[in-house]
Amino acid sequence: MLRSMSPLRYMYLDLNSFFASVEQQRAPSLRGCPVAVIPTETEATCAIAASYEAKAYGIKTGTMIYEARRLCPDLICVLGNHEHYRDYHDRIKDEIDRHIPIFRTESIDEFSCQLQGRECTDDGARDLAQRIKRGIANNPDLGEHIRCSIGFSTNRFLAKTATNLHKPDGLEILRHEELVARTRHWTLDKLTGIGRNMHRRLLRAGVGDIDTLYHLPPRRLRHIWGSVEGERFWHKLHGEELPSFETERRTVGHSHVLAPEFRPPDQAWLVAERLTLKAGTRLRRLGYLAGMMHLSIRLEHGPKLSADIKFSAVRDSLMLNRHLSTLWQRLMPRVTPDMRVKKISISLWHLTREDQVQMDMFDRSTAAPVARRREELSTAMDNLNRRFGRDTVVMGYLPSRSHQFSGTKIAFTRIPDKEEFYE
Ligand SMILES: [Mg+2]
């Protein structure tokens, strides 16, 4: 059917309902059951993952638990354990690496690989995917309940799109020539990179489906996007892999080695808060939203503790601080008051550019105006701090010795941007 069978170049692997699958793999009693993974033991929280059995009831990431229980009275809620997910992530990475080198760890549950030789053919690609799937199922540290959708294409964007064609346990090859035919039933926002705002902008420009979008000339996309990103999107849609620019950031983070007086856990918390504020300011200045936070704490004479939390994309400091607090509370049971915190690192992951944000959670709720107000507040704080100097406006309590740990010059492992001296 295809005139030219262009060689495949990339594989993308997306784990299906990752957190929920890990729970089902670990506990046989959860297998075959509707499971929701929750961040805290309360009804006033939302699912951070749902098993396929739960998804069948319409429960997904972001569904409030009281709503989820209404949809499915038999729902089993499991308190998430991010250390387990991190372990499984590492084991999966090792398993994939037995079959093909990882090109990029795209997120906690997504990986991409570059193909070579026979892997670039349809048969070779399918063989490779089957080997990886079998490898995961037969690995005694993983297992058959860890499933993934694997996609192949000439670029990462289409390979990822291919993983969305079939879930769970998919294996799809998608070339750009087939994109329109195979995604005819999709709305535009199912494409990675088209968030709620961009979707609206496209609809306003009279672009309502993938067919129309695909056939527009690149300069028209540039016009709709209002930036060169539109033109880049055209190339992605047409199967080209673009060199990543510096602007395609993977993470924003800050870490700090604590001065002795800040090492008691209650003082260390203040440092963690300050680092989170800094990371939030940086995130906003770079024009990103984050969907995951990682906190790691190194104790003076002890191990390194770490925890992750995934959430719907945010960039306001109030929400980031709330997520930090969740992570902190998760780690603190393992820190006795006599222990001392030597180093704290905070990083934000799953970055999305603000013009491509998928604020799907806010679509059906009244949360949108509240979220916007929180963002406006954060941006206003940034502006004041830039104008009048760092720490002019902060959230909560800032210890008087703040200058000892929030200075840009201290203990950062990378070269700070100029603007950062005012953050
Ligand atoms: Mg996934």
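A few comments on the model shown:
- Distance violations [Cα-Cα > 30 Å] among LYS60/LYS304; LYS60/LYS133; LYS93/LYS310; LYS93/LYS190: LYS60/LYS304
- Region 156-206 and region 282-328: distance between their alpha carbon centers, rounded to Å: 30 Å
- In region 1-89, GluC sites (Glu not before Pro) in a DSSP loop with at most 11 other beta-carbon atoms within 10 Å: GLU41
- Dipole magnitude for region 231-336: about 180 debye, using +1 per Lys or Arg Cβ and -1 per Asp or Glu Cβ, origin at the Cα centre.
- Protection proxy ranking of 161-174, 328-341, 69-82 - average other beta-carbon atoms within 10 Å, highest first: 161-174, 69-82, 328-341
- Kirkwood-based Rg to Rh ratio, region 92-241, C-alpha trace: 1.02
- Virtual spin-label span in nm between THR379 and GLU67, 7 Å along Cα→Cβ: 2.6 nm
- Summing Cβ point charges (Lys, Arg +1; Asp, Glu -1) relative to the Cα centre of region 1-175 gives a dipole of roughly 600 debye.
- Length released on extending from ALA137 to SER325, taking residue separation times 0.36 nm less the Cα-Cα span: 64.1 nm
- Prolate/oblate/rounded call for region 1-175, Cα gyration tensor, a/c under 1.5 rounded: prolate
Each value in this text was obtained by applying a stated rule to the coordinates, not by laboratory testing. Model, not experiment: these values are computed from the prediction. Heads up, the Cβs are rebuilt from the backbone with ideal geometry, glycines too, and the neighbour counts pull from every protein chain shown.
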